[in-house]
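The values are calculated or read from the model by the stated rules, or taken from the named source; none is laboratory data. Treat the numbers as computed from the prediction; the structure is a model and nothing was measured. Glycine also receives a Cβ, built like all others from the backbone with ideal geometry; neighbour counts cover every protein chain displayed.
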Ligand code: ADP
């Protein structure tokens, strides 16, 4: 399928990163308590004990680090923890804290037991990080002598644990890795969201949306919303299978959730570079996408589907990647 629109992340429906449209949607769909939070059972079990133990001791919980791909529920989990504890939560992000004074202002305004959520914590400035160490360890603020901070908890979230410095990582009492969701958990999330949004939906389209969600709740919710819009305009608002299929045809999202950019990346490697191996920078240049975007946004899902492989000499489209696009692999006489 050809599509010559200039894409932006904002427009890309299956992008797992948060857009402005999501912010409004997220407020109503975000689970508030641990038992509403679907999937990630190991983490929930662990957290529940962690929270109860701290409550029994009458102490704030230790600092928590959450890591995993965009849209998997890190921010949601931070809010769930604060709700479970009944504590206040302050929300900021690594890039938002530019100067040491910014951090000092945030920290000195916290009260005992408060939670400070720092999203994208891997993007904190190194000099800010150094102010954070004593604050996390001893509730001390070295830049203002004589000030003791209240006992608070930092919940950090990151998509890139490898970019976090070791001293910072070591100061978290608990680290949880959020994984991609199971298919049936995504179905439960879609079901729950449809109820909250008062959308009628049949069983089959729930499965179809789940299959295209890239194992990610944010994508599942966004797809549900787009299919709902389509069903309202073309039908009576209730989502049935025909409307669902027609919506995905219009959005150019295939049965595994690949959109035209994913397909363009695979097709470019096949058509221009004989299926690979080819370097990341060459792929980026040939597809007109930014190198970091190809690596962080598009490749992880293509690799998870095993359509793309990363070898020492570059990226390769695999046999099943060729098959999905209905393409012949170089040197083979017929479609696999
Ligand atoms: P992240 O911070 O990891 O990018 P978010 O916490 O913002 O992701 O999650 C995106 C959206 O996905 C949330 O608004 C929420 O509606 C939904 N979501 C995430 N995790 C879950 C879950 N476990 N159960 C139900 N919905 C979820």
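May I ask you to list pairs of residues, at least six apart or on different chains, whose Cβ atoms are under 6 Å apart, with the first in segment 142-168 being more than 23 Å from residue 110 (Cα to Cα) and the second being within 16 Å of the ligand (Cβ to nearest atom) and part of a helix (DSSP H, G or I)?
160/122; 163/122; 164/122
Since residue 236 meets every condition but one in (1) without any contact (Cβ under 8 Å) to a residue 24 or more places away in the chain; (2) buried (at least 16 other Cβ atoms within 10 Å of the Cβ), which condition does it not meet?
All conditions are met except number (2).
Sort out which residues of segment 190-210 are closer than 17 Å to residue 249 by Cβ and surrounded by fewer than 16 Cβ atoms within 10 Å (Cβ to Cβ), and write them in order of number.
Answer for segment 190-210, where residues must be closer than 17 Å to residue 249 by Cβ and surrounded by fewer than 16 Cβ atoms within 10 Å (Cβ to Cβ): just 204.
Give me the residue from segment 202-226 that is within 16 Å of the ligand (Cβ to nearest atom) and without any contact (Cβ under 8 Å) to a residue 40 or more places away in the chain and, out of that set, farthest from the chain's Cα centre (by Cα).
Among those that are within 16 Å of the ligand (Cβ to nearest atom) and without any contact (Cβ under 8 Å) to a residue 40 or more places away in the chain, it is 206.
If you check residue 163 against the conditions, is it in contact with a helix residue (DSSP H, G or I) (Cβ under 8 Å, 6 or more places away or on another chain), within 22 Å of residue 75 (Cβ to Cβ) and modelled with pLDDT under 95?
yes
Let me spell it out: the conditions are (1) under 20 Å from residue 68 (Cα atoms); (2) modelled with pLDDT of 95 or more, and residue 316 meets all of them except one. Which number is the exception?
(1)
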